[in-house]
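J.: Below: one structure in structure tokens.
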Amino acid sequence: MFQSLNRSYKGKFPFRLGTTSFIYADSYIPNVKLLGPWLDEIELLFFESNAIDDFPSKEEIKELLRLAGEHQISFNVHMPLDISPGHPDATIRRRSVHIIERIYDLTSPLSPTTLTVHLPYYGDARSTNDIAGWRERIHRSLEQIIQSGIPAGIVSIETLNYPIRWIEDIIREMHFSVCMDVGHLLVHDFDLSAFYRRYQKEIIIIHLHGVRGGRDHMALDQLATSDSALIMRVLKQFRGSVSLEVFSFDHLERSLSHLEKLW
């Protein structure tokens with residue numbers, strides 16, 4: 001029914017190479033069965049916190065663990081996009097922390113390499129008061145995450161549309177990790193090389209995808225030649241997880257071919 005990759009990329013690079021659990025229009029287990037023989041790691045996507053019925057059951061987690069052993073793969077987890085640990089509404093913050101705790105408890109048998117979290121900022125980027133209040137709320141939520149028993153180092157804060165310098169002291173003080181989303185950095189005109197130099201000790205995972213005309217999460221062959229060169233310089237030094245964050249077989253196949261050619 002579904003196309004399959006025709007060659008293995010396991011152990012081909014000095015980093016763990018993976019992709020998302022939404023390459024095929026099916027659930028987690030079919031995606032892992034089809035992708036596991038060819039890649040090192042799978043990014044388990046949790047799209048919406050309201051879709052709790054779509055979260056994998058404990059039985060499905062057991063099957064994912066079995067598949068991990070069969071195919072010698074690891075997992076990383078991407079928390080839902082609609083949570084907001086820095087939101088002005090305390091109810092939304094508490095629910096966001098609760099969802100993170102719940103997904104951690106569910107997926108911990110899989111020993112994920114990281115749990116990636118978005119910390120969206122909705123305030124006025126020109127207002128130091130808005131940023132300060134958001135930072136305080138972020139700090140409190142991250143403290144609650146640690147107090148729940150989740151190790152800070154396993155949680156990677158993803159780069160979004162604001163400078164991560166706004167919260168780098170919190171990340172470092174509390175020993176959280178960083179998810180370097182290359183597409184987000186390019187779309188918002190951040191310097192890839194400078195970013196990697198500044199945060200390389202904290203970066204545990206890189207999300208890699210193509211960018212063209214202000215759109216991201218495209219196949220890697222859509223990258224500008226100059227951006228590809230910068231990315232290769234970063235990847236030559238990196239030893240963590242690299243997730244090709246695309247959402248179709250066509251984009252995955254093209255991305256793998258392009259990555260191999262660039263390498």
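J.: Checking LYS33 against (1) touching a residue at least 60 places away in the same chain (Cβ under 8 Å); (2) surrounded by fewer than 19 Cβ atoms within 10 Å (Cβ to Cβ); (3) touching a helix residue (DSSP H, G or I) at 6+ places or on another chain (Cβ under 8 Å), which single condition isn't satisfied?
T.: Among (1) touching a residue at least 60 places away in the same chain (Cβ under 8 Å); (2) surrounded by fewer than 19 Cβ atoms within 10 Å (Cβ to Cβ); (3) touching a helix residue (DSSP H, G or I) at 6+ places or on another chain (Cβ under 8 Å), the lone unmet condition for LYS33 is (1).
J.: Scan region 108-117 for residues that are in contact (Cβ under 8 Å) with a residue 40 or more places away in the chain and either closer than 20 Å to VAL178 by Cα or assigned to a loop (DSSP other than H, G, I, E, B) (or both) and report the count.
T.: Of the residues in that region, 6 qualify.
J.: Right, next: Is it the case that ASP181 is closer than 17 Å to ILE83 by Cβ and either at pLDDT 95 or above or surrounded by fewer than 18 Cβ atoms within 10 Å (Cβ to Cβ) (or both)?
T.: It is true that ASP181 is closer than 17 Å to ILE83 by Cβ and either at pLDDT 95 or above or surrounded by fewer than 18 Cβ atoms within 10 Å (Cβ to Cβ) (or both).
J.: Determine whether region 70-83 contains at least one residue that is assigned to a helix (DSSP H, G or I), among the small types (Gly, Ala, Ser) and at pLDDT 95 or above.
T.: There is no residue in region 70-83 that is assigned to a helix (DSSP H, G or I), among the small types (Gly, Ala, Ser) and at pLDDT 95 or above.
J.: Please indicate, with yes or no, whether at least one residue in region 126-136 is buried (at least 19 other Cβ atoms within 10 Å of the Cβ) and either free of Cβ contacts under 8 Å to residues at least 60 places away in the same chain or in contact with a Gly (Cβ under 6 Å, 6 or more places away or on another chain) (or both).
T.: Checked against the condition, which is being buried (at least 19 other Cβ atoms within 10 Å of the Cβ) and either free of Cβ contacts under 8 Å to residues at least 60 places away in the same chain or in contact with a Gly (Cβ under 6 Å, 6 or more places away or on another chain) (or both), region 126-136 yields at least one hit.
J.: Give me the residue from region 69-102 that is without any contact (Cβ under 8 Å) to a residue 24 or more places away in the chain and of a type in the set (Val, Ile, Thr) and, out of that set, surrounded by the most Cβ atoms within 10 Å (Cβ to Cβ).
T.: Checking each candidate, the answer is ILE92.
J.: Specify the residue that is nearest to the chain's Cα centre (by Cα); the eligible residues are those in region 16-28 that are in contact (Cβ under 8 Å) with a residue 12 or more places away in the chain and farther than 12 Å from LEU45 by Cα.
T.: That would be GLY18.
J.: Now for a separate question. When residues of region 86-100 are filtered for being of a type outside the set (A, V, I, L, M, F, W, C) and out of contact with any Pro (no Cβ under 9 Å at 6 or more places or on another chain), how many remain?
T.: So the answer is 6.
J.: Checking GLY214 against (1) of a type outside the set (A, V, I, L, M, F, W, C); (2) surrounded by 20 or more Cβ atoms within 10 Å (Cβ to Cβ); (3) modelled with pLDDT under 95, only one condition comes out false. Which one?
T.: Just one mismatch for GLY214, condition (2).
J.: May I pose another question? Does ASN50 meet the test of being within 30 Å of GLY123 (Cβ to Cβ), polar (S, T, N, Q) and surrounded by fewer than 12 Cβ atoms within 10 Å (Cβ to Cβ)?
T.: yes
J.: Just give me the residues in region 40-54 being over 12 Å from ALA68 (Cβ atoms) and outside any strand (DSSP E or B), in sequence order.
T.: Scanning region 40-54 gives PHE46, PHE47, GLU48, SER49, ASN50, ALA51, ILE52, ASP53, ASP54.
J.: Here is a follow-up. From the list LYS10, LYS62, pick out the single residue that is within 27 Å of SER257 (Cβ to Cβ) and modelled with pLDDT of 95 or more.
T.: Only one candidate passes the filter, namely LYS10.
J.: Sticking with this structure for a sec: Against the definition (closer than 22 Å to ARG16 by Cβ, touching a residue at least 12 places away in the same chain (Cβ under 8 Å), touching an Asp or Glu at 6+ places or on another chain (Cβ under 8 Å) and part of a strand (DSSP E or B)), how does HIS217 come out, yes or no?
T.: So HIS217 passes the test.
J.: In region 103-125, what count of residues is obtained for those that are at pLDDT 95 or above and surrounded by fewer than 14 Cβ atoms within 10 Å (Cβ to Cβ)?
T.: Final tally of qualifying residues: 3.
J.: Can you tell me which residues in region 6-30 are in a loop (DSSP other than H, G, I, E, B) and either basic (Lys, Arg) or surrounded by 17 or more Cβ atoms within 10 Å (Cβ to Cβ) (or both)?
T.: Within region 6-30, ARG7, TYR9, LYS10, LYS12, PHE13, PHE15, SER21, PHE22, ILE23, TYR24 meet the criteria.
The values are calculated or read from the model by the stated rules, or taken from the named source; none is laboratory data. Note that the coordinates shown come from a computational prediction; the quantities given were computed from them, not determined experimentally. Every residue, glycine among them, receives a Cβ derived from its backbone with ideal geometry; neighbour counts consider all protein chains shown.
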